[in-house]
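Encoded as structure tokens, the structure appears first; notes follow it.
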Amino acid sequence: MKATLASVVLLGGLCLLPAMPAQAAQSYDGCKGFIDSVPATISTQGTWCLRRDVSTSQASGQAINITTNNVTIDCNDYKLGGLGAGQGTLTIGINALERSNITVRNCAIRGFLKGVVINNGTGGGHLVENNRFDNNTWLGIDIGGEGSVVRGNRILDTGGTTVIGNPIKAVGIYATGNVEVQENLINGVAAASGSNGYAIGINPGHSAAGTIIGNNVKNIVADGTGWAYGISLFGTTGRASVENNTLVGTDAANSVAVWCPPGNLVSLAGNLAMGFAEPHFECAFDDGNIVH
């Protein structure tokens, strides 16, 4: 697979308490209530906060399940942990399906099959910002919905699931439906050893892809006959813009910085790609990209 520079790359138990008084801690201002243990279900609109680390060893289900619209989860930099379930976990950290206007911010989410899932509905307007995701076994962030934004997150050391059978074994961010993916750090996405699995830094999914801008993607590692993609837009329809991203591979033979679908409307501008066998594949437009 040879590419030219003109065609760049990539393929529970909820504890409800009164809001803390404003003078107690500024970060708690506006909290509807507090999540002091998990699993928890949020069925009332408003801002729900963590004020301590919480964790679970449950092997399936959701640690926090949101069942209404217009909800913010603000962890105040506390941890939502699921490492106790091990690499075979099927548990989702924060889950919101068929909802609108969901925000997740200031969370440290670790050890789940998927860190956050806000997806699979006609709603949108979601925001996932300023979180740390680490040691989630399949997906850091899974988000869909028009007008949604993923920005300023750190997605670290994703992969290792022993229970997912499809070839894609590890993904940093999966975003579908005109989602804006901005200024995130994705470092370490690796398929489990012996899986022949694919690994992807950012995957916009199978619909219009929105904008992928200013992200830093590095250390994407496939296994065996699998492929590693910094950004994979394969199967994407409609227009997408991939701009000013830094993509650093591991010099693996089966690796592509940016993978576009055939006949796409993807624009690539100002990206830096290094350490991939192919800098890009099937991308139609190319302006000011740098390949090392």
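The values are calculated or read from the model by the stated rules, or taken from the named source; none is laboratory data. None of the values given here were measured: they were computed from a predicted structure. Positions of Cβ are backbone-derived with ideal geometry, glycine not excepted, and every protein chain shown enters the neighbour counts.
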Do you know which of the residues in segment 16-56 that are among the hydroxyl-bearing types (Ser, Thr, Tyr) and farther than 17 Å from Ile94 by Cβ is modelled with the highest pLDDT? Tyr28
Reported set for segment 165-194 where residues are surrounded by fewer than 18 Cβ atoms within 10 Å (Cβ to Cβ) and in a loop (DSSP other than H, G, I, E, B) is Gly165, Asn166, Pro167, Glu183, Ser193, Gly194
Check off (1) over 21 Å from Gly214 (Cα atoms); (2) modelled with pLDDT under 95; (3) among the small types (Gly, Ala, Ser); (4) crowded, with 19+ Cβ neighbours inside 10 Å for Gly121 and give me the number that stays unchecked. (4)
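For segment 203-211, check the following and say yes or no: at least one residue is crowded, with 19+ Cβ neighbours inside 10 Å, at pLDDT 95 or above and part of a loop (DSSP other than H, G, I, E, B). Break it down into steps so the answer makes sense when it comes.
Just the residues of segment 203-211 that are crowded, with 19+ Cβ neighbours inside 10 Å, to begin with: 203-205, 209-210.
Now restrict to residues that are at pLDDT 95 or above: none.
Checking segment 203-211: not a single residue is crowded, with 19+ Cβ neighbours inside 10 Å, at pLDDT 95 or above and part of a loop (DSSP other than H, G, I, E, B).
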Conditions (1) at positive phi; (2) modelled with pLDDT of 95 or more -> Ile186 fails only (1)
Applying the selection to segment 50-94, what residues are in a strand (DSSP E or B), in contact with a Lys or Arg (Cβ under 9 Å, 6 or more places away or on another chain) and farther than 14 Å from Ala108 by Cβ? Ile66, Val71, Thr72, Ile92
